[in-house]
């Protein structure tokens, strides 16, 4: 039909033949619907046609071709940049309907780099000045889409004229275009701003809507500059009956209020009035949003807003629900009570069917987390995640991980709980947070010494479960677990099972990088076993025969215990021997306890360990172990992965090295063949020492402290490299960063750690036995042991029947969470918080404030000038923009001279809006600045008066001087005031 | 800039009208529309009409077989945009009389014309139905 309509318009003027045989847009659309040859084939045929038709000299044929092309470009993503010149031709057509097609095509396809843009300036100028208001609209519409700095500069005078035209249709569009013109050519502000402001007084609702919209956008970029207009906005807020306008004005006030407390005080009541009275949900919601974001210190307003939010939250409309939740999360940081008051509803929506609502609700639940309830909330959420779909499950896990690790785990008191939670999270079927969990497991291991025994237990449980190896999302976690098992093997009750787990056949399911970690960890565990065995046999020997052996064992023991201590101590064994205690018949256990004093965390563990070691490390078990490792690693010597191959070789060579000797010396145990024994054990000791070097967390800024070696070029442009390597996959980087040992905090480990370990020891023993038992009778147990701890009223998550009635789940969830969220609940800490290693500055996240774009600076600078300085520039510059820019440049030079002075003054002025170091200055500004130098406090009032006057005054050059003189007058009278006129305050 | 784009998409995910208030290349537009359509059309009536996408929000509403999707800045009032969509549909309804997908398909330039009267440079400038339709009626008579 459209085509039909158009062809009837054109038929008179176009050549009959071409019109008859050309397909109209309507034909094209119909053809597209009915085509049998495939859309792309049809379209490329059509494009071919268009290419031919668009060259026609007949304006009708040409414009119809362009219309079809625009259609295909807009809805079928076809390039039309090739037709740019034809677009310009059609734009210049004298017939409105052709022109319209041309303009539409231009706004669709032109952009800053379109070369033909240079050709349309005059056409636009002509159309902007047209007497046909629809042509003017077309030009304005087009300008709002494609204007470049050049176009904006050249057409500013035309826009200026249109800003006060009597044709409403045109004026409102001109007002909207101003926004784009300002953004592209900030100097236009000096020309047009005054007229823009005048439109705020317009009685026409259409004009008002347009101009308020523009100020809303301008104020969102730099609110400070528009404070002087607050009275106008206030009047609109009170008088306007148009909800669209009110919403925009509220947005403006939301930006202005934080800058000027007295303004906020003044407008908060009218806003509340609107909130109470309005029937429109959109306006009410805007009031709520304004209050929660910018008026949060006004108690009564916030209370009213929270009441209204509640109404939204309990509404059936999902839209209102969602917005209610959003408003709550805005206010949560400042008024947590608002969230707590609504927690039942919030938690209820955690199981809403809309993922967006669930997500908002989850965010809110996370804001309620505190030290005292983190355990309960995490428990509830983890259980809830088991019942959620993969997406939301990971959202939940992600937010738990994020919240708990915030500020170096400041919320966590019981780290044993947290690491077991991490272990539990890893086993959730949908869990895809492998990388995050991996990082946290390792990070906690390095930072929190007291948690290492539990960490090792968690790692062991993960490693030992063959089912987990098949899940690719868990591989990173398993890598972390493997690393933990190697690094903290000293806390293991049974290192043999670790080796077994690390070398189990199913590890071939792992990616090579993870496998390499497994093998290396197995190496560490192996060394540990051998070393322990030697210590043990030596201590046994030593109890029989003293002298040298005891000395050695004592030395070794010391080395082992003083993990992370300098290797140099080992090079001076004599010193150790002489200073060490000398109870000749002391047994191994006693020694270890004595020495353990150096490392507090070892204390609780050592005795048990020594106890178990005695039973575990027998000759047979060691030989078995070695054979087992050899057997498992043998096939890997044929691996093609360098990393894997190398690590395997390391172990095998090591075994080769010691095997013969250790067998021998072990056989001759007790016969004191010292030289032999020494050789094997020396190697083992050396390795053990190497591995006992403790790894600490590394400061983020550590790299910066390393001086750059001379001759190293870091800033070379490596762009070329990128193109070369574009399709090369980056090999997985090292899984763990090895930091230097951390000495600083180690000394100051709290004595509480000691107590804790001793207290928790029996229960650990119990859990150990329990898990052992579970392993044997796994079938009869529910998967998660933690459920028992939470309470009997909440059934274990994995129970299958529960999944049948999700409704019940939700209710339970609500009930339980409500309990756990009870604010008055006192934290019941069984343990004191262990020391968490923090690095002085490395963990601080430095947030660099984003500098606003220069363009905005320029706009707001100009706005300030117009509003605060004088309006005189407007009149002069309006007539001649180029003159304008030269004077601007002059101003800039001055600015450079005075910059330092300006900076000083910045400190003096109370409100930030008064001076903007990056804004442009003209002469006028500079003068004002000098005055300020004399008396910084007075400038505000003076400005204000200036601005006030300037608004009514017609502007001429001599008037400017007058204004300045007048402004000088109150200099001695007034004290420091911001720029808000008094009648508002 | 308030509104960044307005899309009308049918149930099958075919775009019937696309109006952007900032320049995007064809590839950007194709990707954007693909992502948005996938995100929004998968949602049901019981779910809310707001979707966060990249760094802005999409407010959408379904009328019969047609989805109206409006991309807005984060600052924008979602409910006001819903009202705007409704106003747009009412306006088209008044002009076409019980508007349907085909009306928009075959009178695309008129739909654009209405939008141009309502929205300028991403700002809503006109909310009166008769004001919006006045120029079109004038031109129809011409």
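One residue stands out in the stretch A:175-198 among those that are closer than 19 Å to residue B:119 by Cβ and in contact (Cβ under 8 Å) with a residue 40 or more places away in the chain: the one that is nearest to the other protein chains (Cβ to nearest Cβ), namely A:183.
For residue B:11, state whether it is over 21 Å from residue A:315 (Cβ atoms) and at pLDDT 90 or above. Considered against the rule, which asks whether it is over 21 Å from residue A:315 (Cβ atoms) and at pLDDT 90 or above, residue B:11 comes out as yes. Scanning the stretch A:622-640 for residues that are over 48 Å from the mean Cα position of the chain (by Cα) and exposed (fewer than 15 other Cβ atoms within 10 Å of the Cβ) gives A:623, A:624, A:627. Is it true that residue A:253 is in a helix (DSSP H, G or I), free of Cβ contacts under 8 Å to residues at least 60 places away in the same chain and under 16 Å from residue A:360 (Cβ atoms)? So residue A:253 fails the test. A single member of A:289, A:277 is surrounded by fewer than 20 Cβ atoms within 10 Å (Cβ to Cβ), farther than 15 Å from residue A:212 by Cβ and either within 14 Å of another protein chain (Cβ to nearest Cβ) or over 30 Å from the mean Cα position of the chain (by Cα) (or both), and it is A:277. For the stretch B:3-19, a residue qualifies if it is more than 8 Å from chain A (Cβ to nearest Cβ) and assigned to a strand (DSSP E or B), and the qualifying residues are B:3, B:4, B:5, B:6, B:7, B:8, B:9, B:10, B:19.
Exactly one residue among A:28, A:75, A:66, A:32 is in contact with a strand residue (DSSP E or B) (Cβ under 9 Å, 6 or more places away or on another chain), crowded, with 16+ Cβ neighbours inside 10 Å and under 24 Å from residue B:7 (Cα atoms), and that residue is A:75. Checking the stretch A:386-403 against the condition returns no match, with no residue being under 29 Å from the mean Cα position of the chain (by Cα), within 30 Å of residue A:687 (Cβ to Cβ), surrounded by fewer than 23 Cβ atoms within 10 Å (Cβ to Cβ) and in contact (Cβ under 8 Å) with a residue 24 or more places away in the chain.
Of all residues in the stretch A:81-106 being surrounded by fewer than 22 Cβ atoms within 10 Å (Cβ to Cβ) and within 12 Å of chain B (Cβ to nearest Cβ), which is nearest to residue A:49 (Cα to Cα)? Residue satisfying both the conditions and the ranking: A:81.
Conditions (1) farther than 28 Å from residue A:251 by Cα; (2) surrounded by fewer than 22 Cβ atoms within 10 Å (Cβ to Cβ); (3) under 15 Å from the mean Cα position of the chain (by Cα), marked per residue:
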| position | (1), (2), (3) |
| --- | --- |
| B:34 | yes, yes, no |
| B:39 | yes, yes, no |
| B:43 | yes, yes, no |
| B:69 | no, no, yes |
| B:75 | no, yes, no |
| B:87 | no, yes, yes |
| B:116 | no, no, yes |
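Based on what the data block shows, is residue A:677 surrounded by 15 or more Cβ atoms within 10 Å (Cβ to Cβ) and either modelled with pLDDT of 80 or more or in a loop (DSSP other than H, G, I, E, B) (or both)? So residue A:677 does not fit the description; no.
Scanning the stretch A:139-152 for residues that are farther than 13 Å from residue A:122 by Cα and more than 14 Å from every other protein chain (Cβ to nearest Cβ) turns up just one, A:149. Return yes or no: is residue A:308 part of a helix (DSSP H, G or I), within 14 Å of chain B (Cβ to nearest Cβ), crowded, with 23+ Cβ neighbours inside 10 Å and without any contact (Cβ under 8 Å) to a residue 60 or more places away in the chain? Judged against the criteria, residue A:308 is not a match.
Taken over the stretch A:107-137, the criterion of being under 42 Å from the mean Cα position of the chain (by Cα) and within 14 Å of another protein chain (Cβ to nearest Cβ) is satisfied by A:107, A:108, A:109, A:110, A:111, A:112, A:113, A:114, A:117.
Looking at A:522, A:459, A:480, just one residue is assigned to a helix (DSSP H, G or I) and without any contact (Cβ under 8 Å) to a residue 40 or more places away in the chain, and that residue is A:459. Listed by position, the strands (runs of 3 or more DSSP E) inside the stretch B:46-119 whose residues that are at pLDDT 95 or above and at the interface with chain A (Cβ under 10 Å from one of its Cβ atoms) number at least 3 form an empty set.
The values are calculated or read from the model by the stated rules, or taken from the named source; none is laboratory data. None of the values given here were measured: they were computed from a predicted structure. All Cβ positions, even for glycine, are placed from backbone atoms using ideal geometry, and neighbour counts span all protein chains on display.
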